[in-house]
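Participant: Attaching a single structure in structure tokens format; questions to follow.
The values are calculated or read from the model by the stated rules, or taken from the named source; none is laboratory data. All figures in this text were calculated on a predicted structure; none of them were measured in a lab. Here Cβ is always computed from backbone atoms with ideal geometry, including for glycine, and neighbour counts include all displayed protein chains. Please note that ligands, DNA and RNA were not included when accessible areas were found on the heavy atoms of the full protein model with its side chains. Shrake-Rupley method; radii C 1.70, N 1.55, O 1.52, S 1.80 Å.
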Amino acid sequence: EKDYAISLLVDLSSSMEGDNIHQTLKGLVVLSEVLNRLSISTEIMGFNDGLYEYRNFGTDLTEDLREKLGGIVTSTAGNTRMGMATEEASKRLSKQPEVEKFLIVLTDGDPSDTGKLKTVIETITKEKKQKLIGIGIGPGTENVAGHFPNNLANADIEHFGVLLADLIREVMAHYEQF
């Protein structure tokens with residue numbers, strides 16, 4: 001029995017259109033259902049040039065929220081302002097009362113604000129109050145390993161739901177290693 005808060009940050013830039021966003025959504029829905037049943041505090045946000053709230057910490061997974069999550073597939077546009085989004089998600093996560101906190105960034109591309117992302121990751125890693133993980137969605141996402149110390153690049157989008165569930169199980173079992 002541990003006290004967890006998980007923030008899932010999803011890339012909604014134009015490069016995510018098509019299969020990448022559809023498979024990511026499927027994985028998010030499955031993962032949200034599991035985390036909801038385990039009563040794990042979860043937030044889901046999307047980003048491109050802006051930041052979009054889909055599920056706030058402390059909200060139940062209702063039918064309305066499930067429909068809102070479904071809207072992710074029509075939200076892809078713009079750039080990949082990953083630094084801005086990661087910083088804001090980290091600030092929101094830091095306000096949660098849970099002891100063990102995870103920030104998971106799901107992306108298929110390079111950030112348009114690389115310098116900002118580097119600074120944000122250095123700050124989060126140095127403070128060690130949150131565990132930060134980058135997941136590269138689909139082939140050709142080796143760049144995620146260059147940005148995130150804890151990462152999974154080239155994630156198989158056909159089995160993305162299983163991959164996310166396995167990742168959450170791993171980070172919960174071995175929190176101190178992340």
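Participant: Which of the residues that make up region 109-122 are in a loop (DSSP other than H, G, I, E, B) and either surrounded by fewer than 19 Cβ atoms within 10 Å (Cβ to Cβ) or without any contact (Cβ under 8 Å) to a residue 60 or more places away in the chain (or both)? Reasoning before the result, please.
Facilitator: Taking region 109-122 and keeping what is in a loop (DSSP other than H, G, I, E, B), we get 109-113.
Once the filter is applied, which keeps residues that are in a loop (DSSP other than H, G, I, E, B) and either surrounded by fewer than 19 Cβ atoms within 10 Å (Cβ to Cβ) or without any contact (Cβ under 8 Å) to a residue 60 or more places away in the chain (or both), region 109-122 yields ASP110, PRO111, SER112, ASP113.
Participant: Just one of (1) outside any strand (DSSP E or B); (2) of a type outside the set (Phe, Trp, Tyr); (3) without any contact (Cβ under 8 Å) to a residue 40 or more places away in the chain trips up LEU163, so point out which.
Facilitator: (3)
Participant: Sticking with this one: Can you list residue pairs whose Cβ atoms sit under 7 Å apart, with the first residue in region 55-66 being within 14 Å of LEU35 (Cβ to Cβ) and the second being in a loop (DSSP other than H, G, I, E, B)? Count only pairs 6 or more apart in sequence or on different chains.
Facilitator: From region 55-66, the pairs are PHE57/GLN96; LEU65/THR59.
Participant: Now, a different point. Mind counting the residues in region 65-83 that are within 15 Å of ARG55 (Cβ to Cβ) and of a type outside the set (A, V, I, L, M)?
Facilitator: Of region 65-83, the ones within 15 Å of ARG55 (Cβ to Cβ) are 65-72, 75.
Now drop any that are not of a type outside the set (A, V, I, L, M), which leaves 66-68, 70-71, 75.
Summing the residues that are within 15 Å of ARG55 (Cβ to Cβ) and of a type outside the set (A, V, I, L, M) in region 65-83 gives 6.
Participant: Would you point out the residue of region 84-119, among those that are basic (Lys, Arg) and in contact with a helix residue (DSSP H, G or I) (Cβ under 6 Å, 6 or more places away or on another chain), that is nearest to ASN48 (Cα to Cα)?
Facilitator: Filtering region 84-119 for residues that are basic (Lys, Arg) and in contact with a helix residue (DSSP H, G or I) (Cβ under 6 Å, 6 or more places away or on another chain), the one nearest to ASN48 (Cα to Cα) comes out as LYS116.
Participant: State which residue is nearest to ILE157 (Cα to Cα) when the search covers only region 106-120 and only residues that are at pLDDT 95 or above and in contact with a Ser or Thr (Cβ under 7 Å, 6 or more places away or on another chain).
Facilitator: LEU117
Participant: THR125 is checked against (1) polar (S, T, N, Q); (2) within 21 Å of SER15 (Cα to Cα); (3) open to solvent by 30 Å² or more (accessible area, probe 1.4 Å) and fails just one. What number does that condition carry?
Facilitator: Going through (1) polar (S, T, N, Q); (2) within 21 Å of SER15 (Cα to Cα); (3) open to solvent by 30 Å² or more (accessible area, probe 1.4 Å) one by one, THR125 breaks only (2).
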